[in-house]
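Written below as structure tokens is the structure these notes are about.
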């Protein structure tokens, strides 16, 4: 009976902490939107806010996968390279939307499986494993394109990335469905509890008989698929296929995941928190343009946010 009470109390504490973190993130987002709206009224126009949400969708896909890998005590530095490679290869292979998505998702899953195999079965650290695949993908991509990608973007594909239904961005609808599924999986399903248990205590997870190696591989596969989706939606939004699509998203996604409540020690993460943090990042980048600051300030903001993420991590480490 005491054990049950302790577990219920622990669950209530975790949920209470997550609620406070979400409230803080929401409050911070409201503050920066309000202040910027006062400085530049056009920031709060429906069109600009809608544009921010559309711009945040690609990072939203990537951060969901990155957060899951961080929950499993890993990092995925290959996400930006997966984004670009999936976009380049899929759009140059097919000129229809279905083919583009199938090729992109399969490539993301394959790269994720390689990352997971290296980490789980060959005991390579996540940092080195994903750094290696990042570099390999860059080499493959540039060799394939000769430095000048020329993929085509089908109209239906462009609609998914930039279109609206009843005024709501289609990409945001798709992200909402994916986010709901990821949130349910992590918070409500047996698989989500297994991910959390491994991240919290890998040794205990092994002792209970969990298929820990397969869990690690699955986490990286999901990250690869999410990165591929993010890359496809990003090129669909921009309208141009580029060898450097998604450049910098590896750091942006890590920062957003940690600011959103994930712990680099594993066993802790929130889909909603990660998405809110991603929206905050994109909002800040938009603010730089709106208020007329030099684009180089985006780099300053990224550096500050990474320091903030480090501070959040250190605080959670002492908790």
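Quick look at the values:
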read-out: Measure of compaction for the chain (Cα Rg per 2.2 N^0.38 Å); value: 1.00
read-out: P(r) of the stretch 154-237 over all Cα-Cα pairs, binned every 5 Å from zero, in whole percent; value: 3, 13, 18, 18, 13, 11, 9, 7, 5, 2, 0
read-out: By average C-beta atoms within 10 angstrom, highest first, the peptides 192-204, 60-72; value: 60-72, 192-204
read-out: Helix-only mean residue ellipticity at 222 nm for the chain, each DSSP H run of n ≥ 4 adding -39500 (n - 2.57), per residue, nearest 500; value: -26500 deg cm²/dmol
read-out: Convex hull (Cα only) mean projected area of the stretch 47-206, reported in nm² to one decimal; value: 11.0 nm²
read-out: Tail fraction, Cα-Cα pairs, the stretch 125-175, threshold 12 Å, whole percent; value: 73 percent
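Each reported figure results from applying straightforward, stated rules to the coordinates on display, with no laboratory input. All figures in this text were calculated on a predicted structure; none of them were measured in a lab. Because the Cβ atoms are built from the backbone with ideal geometry, glycine has one as well, and the counts that use them run over all protein chains shown.
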